[in-house]
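A.B. asks: One structure, pasted below without further comment.
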Amino acid sequence: MRRIALAVAISLLVTGSALATETVVSTHAVLGEFARVIGGDAIDVVTIIPSGFCPAHYDLAPSDLAAVMNASLVLYSGFEPWMETLLDATESEGAVLQLPGSWSTPTAAVGKVEAIRDALADRFPESAGTFAANAEAYIEDLRSLERSLLEQAEAAEVSSTAVICIEWQLDFVSWLGFEVAATYGIPEGLSLRDLVQLADVGRSADVMLIIDNLQSGVGFGAKLAQEIGALHIVLSNFPGAMPGTATVLDLFTANAEALLTAIEPIE
């Protein structure tokens, strides 16, 4: 039924759609930022999912269908439940690049940047030199930030702090060096029994922080933190969803600052 609805919507859009021969469509803001920074003025970038939304719960709009249909390159992660149906229904003639896995650390982000650089160079070879230079500068910014944040985490001795975190922030929290006592999945699928079990782990491990993810819902984490007397920290997976996180670099910085500030000694 959903496939039929998509096809009908597309048929209504075909006649009036303006072709965008050098448009890159990304499903979310992280891949969109990478494409925009690397592509510069050579491409236009359209991002489908607003940063505050959970990708699994996003409802496609007709403008999203038109954008994919006319895209020269489509970038997605693979966790978007509607993506395969969308690509099949639109029958886009553009290239499609799936970029699975985390982008939640500078190192992981570098891998995504390099893959997008290469895809753009393949699609628009006349601008390959520009893409390479832009990517190199951005990667250096990521590496510089990585060194700074890891130095701050080491100085704060985060390895002595036990935490429980949602799975979607595990890569970042582990990368900074925190001791992860346990993780939990999608809050809407968790029960009271899960809460009790995690609370037992939290007390046993003397957990100080419960680390949540904004886009996944934060109610479960807040209850768990209250249950064991821990601090509840909310991070974001996507730039632009929280104050001071306009870019991916800002996002890494803000997420790290939220964690490091939470464990600062009280004077």
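A.B. asks: Just the residues that are part of a helix (DSSP H, G or I), among the hydrophobic types (A, V, I, L, M, F, W, C) and surrounded by 12 or more Cβ atoms within 10 Å (Cβ to Cβ), please, taken from the range 143-156.
C.D. replies: Within the range 143-156, Leu145, Leu149, Leu150, Ala153 meet the criteria.
A.B. asks: Give the residue that is nearest to Gln215 (Cα to Cα), with candidates limited to residues of the range 37-63 that are free of Cβ contacts under 8 Å to residues at least 24 places away in the same chain and in a helix (DSSP H, G or I).
C.D. replies: In this case the residue turns out to be His57.
A.B. asks: With (1) out of contact with any Asp or Glu (no Cβ under 7 Å at 6 or more places or on another chain); (2) at pLDDT below 95; (3) among the acidic types (Asp, Glu) as the list, and Glu22 as the residue in question, which single condition is left unmet?
C.D. replies: Going through (1) out of contact with any Asp or Glu (no Cβ under 7 Å at 6 or more places or on another chain); (2) at pLDDT below 95; (3) among the acidic types (Asp, Glu) one by one, Glu22 breaks only (1).
A.B. asks: Is it the case that some residue within the range 61-80 is within 20 Å of Ile139 (Cβ to Cβ) and among the small types (Gly, Ala, Ser)?
C.D. replies: Yes - at least one qualifying residue is present in the range 61-80.
A.B. asks: Moving to a separate point now. Within the range 102-124, work out how many residues are in contact (Cβ under 8 Å) with a residue 12 or more places away in the chain, of a type in the set (Gly, Ala, Ser) and either in a loop (DSSP other than H, G, I, E, B) or surrounded by fewer than 20 Cβ atoms within 10 Å (Cβ to Cβ) (or both). Walk me through it before giving the result.
C.D. replies: So the first thing to find is which residues in the range 102-124 are in contact (Cβ under 8 Å) with a residue 12 or more places away in the chain, and the list is 102-110, 112-117, 119-120, 122-124.
Adding the requirement that they be of a type in the set (Gly, Ala, Ser) leaves 102, 104, 108-109, 115, 119.
Filter again for either in a loop (DSSP other than H, G, I, E, B) or surrounded by fewer than 20 Cβ atoms within 10 Å (Cβ to Cβ) (or both), leaving 102, 104, 108, 115.
Total meeting the criteria: 4.
A.B. asks: Only one of Ala181, Ala205, Ala162, Ala137 is without any contact (Cβ under 8 Å) to a residue 40 or more places away in the chain, of a type outside the set (Ser, Thr, Tyr) and more than 27 Å from Val30 (Cβ to Cβ); which? Outline the logic, then answer.
C.D. replies: Details: Ala205 fails: without any contact (Cβ under 8 Å) to a residue 40 or more places away in the chain; Ala162 fails: without any contact (Cβ under 8 Å) to a residue 40 or more places away in the chain; Ala137 fails: more than 27 Å from Val30 (Cβ to Cβ).
From the options Ala181, Ala205, Ala162, Ala137, the qualifying one is Ala181.
A.B. asks: Look through the range 173-201, keep the residues that are touching a strand residue (DSSP E or B) at 6+ places or on another chain (Cβ under 7 Å) and among the hydrophobic types (A, V, I, L, M, F, W, C), and return whichever of them is farthest from Asn237 (Cα to Cα).
C.D. replies: In this case the residue turns out to be Val201.
A.B. asks: Moving to a separate point now. For the range 170-184: of the residues being part of a helix (DSSP H, G or I) and aliphatic (A, V, I, L, M), which is surrounded by the fewest Cβ atoms within 10 Å (Cβ to Cβ)? Reasoning before the result, please.
C.D. replies: Filtering the range 170-184 down to residues part of a helix (DSSP H, G or I) leaves 170-176.
Add one more test, that the residue is aliphatic (A, V, I, L, M), and what stays is 170, 173, 176.
Values: Leu170: 18, Val173: 26, Leu176: 23.
That would be Leu170.
A.B. asks: Taking only the range 38-55 into account, find how many residues are touching a Phe, Trp or Tyr at 6+ places or on another chain (Cβ under 7 Å) and surrounded by fewer than 19 Cβ atoms within 10 Å (Cβ to Cβ).
C.D. replies: 1
A.B. asks: Name the one entry in Ser127, Ser159 that is part of a helix (DSSP H, G or I), farther than 28 Å from Asp44 by Cβ, more than 24 Å from the chain's Cα centre (by Cα) and not hydrophobic (A, V, I, L, M, F, W, C). Write out each step before concluding.
C.D. replies: On the way: Ser127 fails: farther than 28 Å from Asp44 by Cβ.
Just one listed residue meets the conditions, Ser159.
A.B. asks: Quick one: which helices (runs of 4 or more DSSP H) lie wholly within the range 186-267 and hold at least 2 residues that are on the phi < 0 side of the Ramachandran plot, crowded, with 20+ Cβ neighbours inside 10 Å and not hydrophobic (A, V, I, L, M, F, W, C)? Give the steps one after another, and end with the answer.
C.D. replies: Values: elements: 192-204, 219-228, 248-262.
Output list is empty.
A.B. asks: Okay, next question. Name every residue in the range 157-169 that is crowded, with 16+ Cβ neighbours inside 10 Å and under 20 Å from Ser102 (Cβ atoms), in order of residue number. Can you show your working first?
C.D. replies: Within the range 157-169, the first condition is being crowded, with 16+ Cβ neighbours inside 10 Å, and the residues that meet it are 158, 161-166, 168-169.
Passing the criteria: Val158, Val163, Ile164, Cys165, Ile166, Trp168, Gln169.
A.B. asks: I need the full set of residues from the range 216-250 which are farther than 25 Å from Glu140 by Cα and either under 12 Å from the mean Cα position of the chain (by Cα) or of a type in the set (Val, Ile, Thr) (or both), in order please. Full working, then the answer.
C.D. replies: Applying the first criterion (farther than 25 Å from Glu140 by Cα) to the range 216-250 yields 216-234.
Once the filter is applied, which keeps residues that are farther than 25 Å from Glu140 by Cα and either under 12 Å from the mean Cα position of the chain (by Cα) or of a type in the set (Val, Ile, Thr) (or both), the range 216-250 yields Ser216, Val218, Ile228, Ile233, Val234.
A.B. asks: Of the residues that sit in the range 60-82 and are among the aromatic types (Phe, Trp, Tyr) and under 12 Å from Leu99 (Cβ atoms), which one is surrounded by the fewest Cβ atoms within 10 Å (Cβ to Cβ)? Give the derivation first.
C.D. replies: Filtering the range 60-82 for residues among the aromatic types (Phe, Trp, Tyr) gives 76, 79, 82.
Within this subset, residues satisfying the condition of being under 12 Å from Leu99 (Cβ atoms) are 76, 79.
Values: Tyr76: 24, Phe79: 12.
Restricting to residues being among the aromatic types (Phe, Trp, Tyr) and under 12 Å from Leu99 (Cβ atoms), the top hit is Phe79.
The values are calculated or read from the model by the stated rules, or taken from the named source; none is laboratory data. None of these values were measured; they are calculated from a predicted model. Backbone-built Cβ (ideal geometry, glycine too); neighbour counts: all protein chains shown.
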